[in-house]
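Here's the structure, in structure tokens; my notes come after.
What follows draws every value from the coordinates through simple rules; no lab data is involved. The structure presented is a predicted model; accordingly, all values stated were derived computationally and were not measured. So basically every Cβ, Gly included, is an ideal-geometry build from the backbone, and we count neighbours across all protein chains shown.
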Amino acid sequence: MNDQFTLAETAAQSVLQRTSLRPQIGLVLGSGLGGFADSLTDATRIPFADIPAFPRSTAIGHAGQMVIGKAGDVPVAAMQGRAHLYEGYSAQEVAFPIRVFGRMGIRAVILTNAAGGINLTYQQGALVLIRDHINLQGTNPLAGPNDDRFGVRFPDMTHAYERSYRELAREEAGKLGQLRSPIARCAAAHSERYFAKNKWVKRMGLVIPSEARDLGVRSQRRRRWRRQEPRSLASLGMTSASRLRFTFQPAE
């Protein structure tokens with residue numbers, strides 16, 4: 001079995017050798033959001049294919065590269081695109097870039113995506129701040145033998161998304177307009193269109209279907225159990241309700 005810690009360390013050093021910047025924040029830019037990385041200054045662009053063991057994105061619209069640059073005065077590492085379970089990757093492979101961020105010295109990660117919505121009171125393109133999620137994917141990146149170098153076997157998921165980051169996001173969003181803050185449902189991409197499942201999900205109050213979010217967050221939270229652990233990562237989850245197409249009328 002491959003040593004994931006060594007692979008993550010090797011990938012991290014490969015990235016850091018190509019830039020003098022040392023990113024403080026990691027960004028995972030989902031569908032339609034990759035353009036933000038084009039605004040970074042002093043940027044270095046590294047194709048995923050050039051990073052050892054890094055999963056390549058095959059999703060339409062995902063550029064498949066990491067951009068190291070500055071947002072204002074803050075050095076960041078932005079992923080333009082990412083891997084998904086539906087592309088055939090394992091949960092560990094999908095979460096691997098987050099572990100690379102950790103080995104790069106990054107301590108804060110912002111996860112974004114464009115997701116379907118089943119609450120029709122949301123407007124298309126609504127900005128959504130994720131406060132928690134429920135994993136219905138049937139898989140988990142922490143399954144299998146535990147590597148203590150990444151963290152404990154059972155990490156604390158009480159606050160999967162850093163509360164102070166969410167408060168900051170709400171403050172800034174208040175200047176822009178309405179911000180939603182639901183609990184997300186994490187499910188495999190091809191299972192989100194079933195009438196019965198969406199009807200049940202709506203009754204549970206889970207309004208944002210999302211596949212990729214849980215995989216990154218769980219990989220990070222493994223590092224958060226020891227509150228004084230200097231290598232731990234904190235996360236913020238944002239999404240855009242891009243597809244409000246789900247209805248609750250069964251097909252004829």
Exercise. If each of Arg153 and Thr121 carries a label point 7 Å out from its Cα toward its Cβ, how far apart are those two points in nm?
Worked result: 4.3
For this session: Would you calculate the separation in nanometres between label points at Arg163 and Tyr86, each defined as 7 Å from the Cα along the Cα-to-beta-carbon direction?
Result: 3.5
Seminar exercise, completed: If the chain between Ala143 and Arg170 were fully extended at 0.36 nm per residue, the gain over the current Cα-Cα distance would be 6.4 nm
Exercise. Can you give the FRET efficiency for Ala43 and Arg131, using 1/(1 + (r/R0)^6), R0 = 22 Å, r = Cβ-Cβ distance, to the nearest 0.05?
Worked result: 0.10
For this session: Kindly identify segment 33-161 as rounded, prolate or oblate by the Cα gyration tensor criterion: order the square roots of the eigenvalues as a ≥ b ≥ c, call it rounded if a/c is under 1.5, otherwise compare a/b with b/c, prolate if a/b is larger, else oblate.
Result: rounded
Problem set entry | J(HN,Hα) series, segment 56-62, from Karplus relation 6.51 cos²θ - 1.76 cosθ + 1.60, nearest Hz, glycine and proline x | 8, 8, 10, 5, 4, x, 9
